[in-house]
Amino acid sequence: MSSLAAARADNFYYAPDFDPDKHGTLNKFSMRHHCGCIITIQSDPKHCDYIVVEGAKKKVEGVQSAAEAGVIELTDDAEKERLLKDPIYRVEAGEASRKRARSAAEEVADLLEDAQAKHADPYAVNRVLRAKLRAVKQEEAALDAEHKALNLAEEVRLLPSSEADATAASLAFFAHATGCGYTAGTSAH
């Protein structure tokens, strides 16, 4: 079946020109990157994942388990079967679930309390924000004055100076004066 009615009935659609011998499986596809390399990806429905076959590396997130991510862990078929057959296990699982829900509710209450404490006095919050804005505007005005004093073109963006920049500049100046060949990013040994 390759009609739209079949797609609605079966919840999948094959294009009319799809030939499994010619196109291979629907679980594997290739695409061309703008640099010219071909990236091939294959889906793994059994594990609800995908496999990068060639041309790229799979991005592995730092969080690996549902508990670390702070999300509800879905039960697999064996777990569902055990919940259906074992009433003691079902009671224990329900109690553990209620305990997690209470702890999550306490965390939400703490977060709400912190947010309300921070924003309890709108005048104080506004005053802090205005002070930060004034400091940023003063820094920008100082940079603009320095920009004009140096007669730089408008396209040249002047960044705030830092201690690391000053140290690197003094080392480069010293190296130039003594001829020791220092370049930025290398040690001064």
Quiz item: What are the pairs, 6+ residues apart or on separate chains, where a residue within the stretch 29-46 that is over 13 Å from LYS58 (Cα atoms) has its Cβ under 7 Å from a residue that is of a type in the set (Ser, Thr, Tyr)?
Solution: SER30/THR40; ILE38/SER30; ASP44/TYR50
Quiz prompt | Criterion (farther than 30 Å from GLY36 by Cβ and at pLDDT below 85) met by exactly one of GLN116, GLN64 | solution = GLN64
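For (1) out of contact with any Lys or Arg (no Cβ under 9 Å at 6 or more places or on another chain); (2) under 30 Å from ARG82 (Cα atoms); (3) modelled with pLDDT of 85 or more, each residue gets a yes or a no:
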{"residue": "ARG98", "(1), (2), (3)": "yes, yes, yes"}
{"residue": "GLU146", "(1), (2), (3)": "yes, no, yes"}
{"residue": "ALA149", "(1), (2), (3)": "yes, no, yes"}
{"residue": "GLU155", "(1), (2), (3)": "yes, no, yes"}
{"residue": "ALA177", "(1), (2), (3)": "yes, no, no"}
Exercise. Could you please find all residues in the stretch 130-174 being among the acidic types (Asp, Glu) and outside any helix (DSSP H, G or I)?
Key: GLU154, GLU155
Practice problem: Quick one: count up the residues across the stretch 73-103 that are of a type in the set (A, V, I, L, M) and touching a helix residue (DSSP H, G or I) at 6+ places or on another chain (Cβ under 7 Å). | Solution: 2
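The values are calculated or read from the model by the stated rules, or taken from the named source; none is laboratory data. Here the structure is a predicted model, which is why all the values come from computation and not from measurement. So basically every Cβ, Gly included, is an ideal-geometry build from the backbone, and we count neighbours across all protein chains shown.
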